[in-house]
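The values are calculated or read from the model by the stated rules, or taken from the named source; none is laboratory data. The shown structure was predicted, so the numbers you read here are calculated from the model rather than taken from an experiment. Neighbour counts run over all protein chains shown; Cβ positions are idealised from the backbone, glycine included. In case anyone asks, the SASA skips ligands and DNA or RNA and just uses the protein heavy atoms, side chains included. Shrake-Rupley method; radii C 1.70, N 1.55, O 1.52, S 1.80 Å.
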Amino acid sequence: MTAADDDGHGFAQYPLENVHRLLEPGPVVLVSTFDGQRANLMTNGFNMPVAHGALIALVLGPWDHSYDTLRATGECVVAIPSIDLAARVVDVGNTSGRETDKWRSFDFTPVPGAVVRAPLVRECFANIECTVADDRLVRDHHLWILEAERAWFDATRRGAGEFHHRGDGTFSANASTVDLRDRMTKWRHLTAD
Ligand SMILES: Cc1cc2nc3c(=O)[nH]c(=O)nc-3n(C[C@H](O)[C@H](O)[C@H](O)COP(=O)(O)O)c2cc1C
């Protein structure tokens with residue numbers, strides 16, 4: 001830390017262009033789409049819940065083939081992989097469905113969902129079938145608001161759980177969890193299973 005950085009409060013300045021790294025570590029997810037002929041997968045690290053219940057936001061941009069499909073169909077599946085799948089999930093994010101069948105190349109298994117035509121990812125411990133609820137921020141920010149229509153969970157595959165992109169190609173895994181449900185006095189309804 002240089003003197004110019006230190007305002008006397010003990011913090012070093014953090015580069016603004018890297019601020020996303022401080023907030024990014026939600027779970028890395030796979031987004032499955034189906035264009036009417038072929039199913040595709042992309043890797044997504046910019047995502048968040050928007051409302052209790054079923055609204056999800058994710059950034060998915062026109063550099064992705066999946067963008068065109070999401071725009072055309074208004075549907076996708078958000079699948080949550082566990083840490084043991086991390087290397088394959090990164091590989092999915094380094095290739096495009098324009099030229100590669102990523103299901104085959106990276107050994108993921110498509111299985112039919114119930115509501116949308118995009119397939120679930122069998123290897124993931126959770127799959128959320130989504131429709132586009134609001135695309136008003138897509139043009140400016142590539143930010144899609146999705147509504148979960150059906151969600152699927154396989155507790156046997158959760159294992160060590162989801163993993164998180166720290167924004168720079170390093171990933172953190174969930175280590176131990178801290179159970180503070182007793183202290184969530186104002187939000188008791190959130191702590192039920
Ligand atoms: C760890 C990781 C996280 C990524 N996060 C995002 C993201 O949040 N939004 C996005 O549009 N692309 C993201 N990407 C890039 C896409 O996954 C990548 O462009 C992918 O090849 C798109 O595939 P497609 O062309 O088949 O749709 C990420 C890639 C990696 C490796």
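Quick check on segment 43-65: of everything there that is of a type outside the set (V, I, T) and touching a Gly at 6+ places or on another chain (Cβ under 7 Å), which residue is farthest from T95 (Cα to Cα)?
Ranking the qualifying residues of segment 43-65, first place goes to M48.
Can you name the residue in segment 152-183 that is within 16 Å of the ligand (Cβ to nearest atom) and of a type in the set (D, E, K, R) and is also most open to solvent (accessible area, probe 1.4 Å) among such residues?
Among residues in segment 152-183 that are within 16 Å of the ligand (Cβ to nearest atom) and of a type in the set (D, E, K, R), the one most open to solvent (accessible area, probe 1.4 Å) is R166.
Can you give me the number of residues within segment 107-123 that are open to solvent by 30 Å² or more (accessible area, probe 1.4 Å) and either within 14 Å of the ligand (Cβ to nearest atom) or not in a loop (DSSP other than H, G, I, E, B) (or both)?
Qualifying residue count, segment 107-123: 2.
Every residue in segment 28-42 that is within 25 Å of G169 (Cβ to Cβ) and either near the ligand (Cβ under 6 Å from one of its atoms) or out of contact with any Lys or Arg (no Cβ under 6 Å at 6 or more places or on another chain) (or both), please.
V28, V29, L30, V31, S32, T33, N40, M42
For a quick check of your reading: which strands (runs of 3 or more DSSP E) sit entirely within segment 43-106 and have at least 2 residues that are more than 13 Å from the ligand (Cβ to nearest atom) and open to solvent by 40 Å² or more (accessible area, probe 1.4 Å)?
By residue number, 47-51.
Count, please, the residues in segment 3-33 that happen to be small (G, A, S) and modelled with pLDDT under 85. Let's see the steps before the verdict.
Taking segment 3-33 as the starting set, the residues that turn out to be small (G, A, S) are 3-4, 8, 10, 12, 26, 32.
Narrowing further to those that are modelled with pLDDT under 85: 3-4, 26.
Residues meeting the conditions: 3.
Pairs only if they're at least six apart or on different chains, beta carbon under 8 angstrom, first in segment 93-114 and closer than 14 Å to V78 by Cα and β-branched (V, I, T), second modelled with pLDDT of 95 or more and open to solvent by less than 50 Å² (accessible area, probe 1.4 Å); list them, first residue then second.
Going by the 8 Å Cβ cut-off, the qualifying pairs are V111/P119; V111/L120; V111/V121.
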